[in-house]
1. Specify which of the listed residues (B:105, B:97) is of a type in the set (Lys, Arg), in contact with a helix residue (DSSP H, G or I) (Cβ under 8 Å, 6 or more places away or on another chain) and either closer than 17 Å to residue B:145 by Cα or modelled with pLDDT of 90 or more (or both).
2. Does the stretch B:30-41 contain any residue that is of a type in the set (Val, Ile, Thr), within 14 Å of chain A (Cβ to nearest Cβ) and more than 28 Å from residue B:258 (Cβ to Cβ)?
3. Any chance the stretch B:190-201 includes a residue that's among the small types (Gly, Ala, Ser) and part of a strand (DSSP E or B)?
4. Look through B:132, B:157, B:142 and report the one residue that is crowded, with 16+ Cβ neighbours inside 10 Å, free of Cβ contacts under 8 Å to residues at least 40 places away in the same chain and of a type outside the set (Ser, Thr, Tyr).
5. Which one is farthest from the other protein chains (Cβ to nearest Cβ) among residues in the stretch A:78-103 that are more than 16 Å from residue B:154 (Cβ to Cβ) and not in a helix (DSSP H, G or I)?
6. Of all residues in the stretch B:150-162, which are under 26 Å from the mean Cα position of the chain (by Cα) and part of a helix (DSSP H, G or I)?
7. Can you go through B:169, B:147 and tell me which one is within 10 Å of chain A (Cβ to nearest Cβ), within 30 Å of residue B:101 (Cα to Cα) and at pLDDT 95 or above?
Amino acid sequence: MASITGASLKFTSLSNSFKQTQVPLRGISVNYVSFQSHRMQPGSLRFRVSCAAKPETVDKVCEIVRKQLALPNDSSITGESKFAALGADSLDTVEIVMGLEEEFGISVEEESAQSITTVQDAADLIEKLREKNSA
Amino acid sequence: MNIRCFPRKFSSALPPLVPLQLPSPMETHLWYILPNEVKSVALLNQYSELLSPCERENVNRMGGDQLKKRALLARALVRTTIARYQTNCQMNPRSLKFRKNIYGKPEVEWKNDDNFSPPPLHFNISHTSSMIACGVTVNVPIGIDVEGKQRKIKNDIIAFAQRYFSPCEVKLLTAISDSEIQRQEFIKLWTLKEAYVKALGKGFSAVPFKTFTIRFKASTIRCFHLPGNSVSEASEVIVESSDDPKNLPNNWQFALLEVAASHYVAICTEKDKIVGGEANRPMKLTVRKTIPFVEDVCVSGTDAVLVLGGIIEQ
């Protein structure tokens, strides 16, 4: 299990059954996501209240990501989760984007793919593209 | 087992790195680590001492031990490999600095001293859960991509190809009736396309996969090679613009390998014009399996390296 002390990184043991270091947020994930959207983005003055994606969208993205990366049901995926940190490589990311296109009936330009690094990024882009579609 | 590890100013605890000769022009060095072979916690802690605080933070952010280990090994591989090459300066793996180009491709940020001319070293890394690889060249850019042979595609392969690949490539994949062979050919094509856009330094977002076609061409090259070297002349891999297939960007060469019987590895390098890169010369390739500070095993020319495409000399 890896633990972090300040700027150092130490591995204390390596076992075959790796415990997730984060606490799973079973049952309260919807509230957690809503709370995320009311927080000020560190380093910027962007308020996410009005332009954050709906919790259902974020949940759906989480589901697609979980399936693509074959993550266990109790692993923690939230809006802030970075695809790379969940273990997605470039092919996974493109597969996820394709899954999102099919699920939400949108088309994501390759240029935009670079800007999608977190679940929230994906959800926000989905909402933006859906709005454009219905306009 | 509880190993405390603090960042130290001096690498006195680390064994010395065995120096390396730079690759020659038109030569590629491929290094790979199999994470499952690295089990020593003490060794992992030594690797973590090499990382910058920023890199350590990135490793920490990975979800779970396996991903942390993978991220750690990737940085350790890059730092130790580059530091080993004999250049006009003594490089310490810990003191190497990296930056990204405008598209996000990592590169070494060499010291900007007055009398210092940076070595013409280029590198690119790729990792998958069971292999971490680093390709190194001189003078010319390089891109590599690694995928597990058994990797399953979650989407329908033809639907995926129709969405992202060129029409020519879709046609080729559709013509394959065996679904397992189709899956394998898809992965090979993916790695080659990724290696190309990484060699260009631009990546998937700036060079959409639909805009170019990669295909195999029967090789008509007669290679003159020294006895003792093996040259694979199975087929050449070429890249064409989707819009203008006749106008071949002829300055890129590819290698497609099956490594350790378990992974497809694609390499793309620019041809070195100084060495008469217009003619089709083989890519000289040296492949080594490594555990930094512990061992290197040269596997070129063995069963561990199977050439599937490209004119390669090992």
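The values are calculated or read from the model by the stated rules, or taken from the named source; none is laboratory data. Quick caveat: nothing in here was measured; it's all calculated off a predicted structure. For neighbour counting, all protein chains shown are included, and Cβ atoms are generated from backbone atoms with ideal geometry for every residue, glycine included.
1. B:105
2. Taking every residue of the stretch B:30-41 in turn, at least one turns out to be of a type in the set (Val, Ile, Thr), within 14 Å of chain A (Cβ to nearest Cβ) and more than 28 Å from residue B:258 (Cβ to Cβ).
3. no
4. Answer to the check: B:157.
5. A:79
6. Correct list: B:157, B:160, B:161.
7. Result: B:147 is the single residue among B:169, B:147 that is within 10 Å of chain A (Cβ to nearest Cβ), within 30 Å of residue B:101 (Cα to Cα) and at pLDDT 95 or above.
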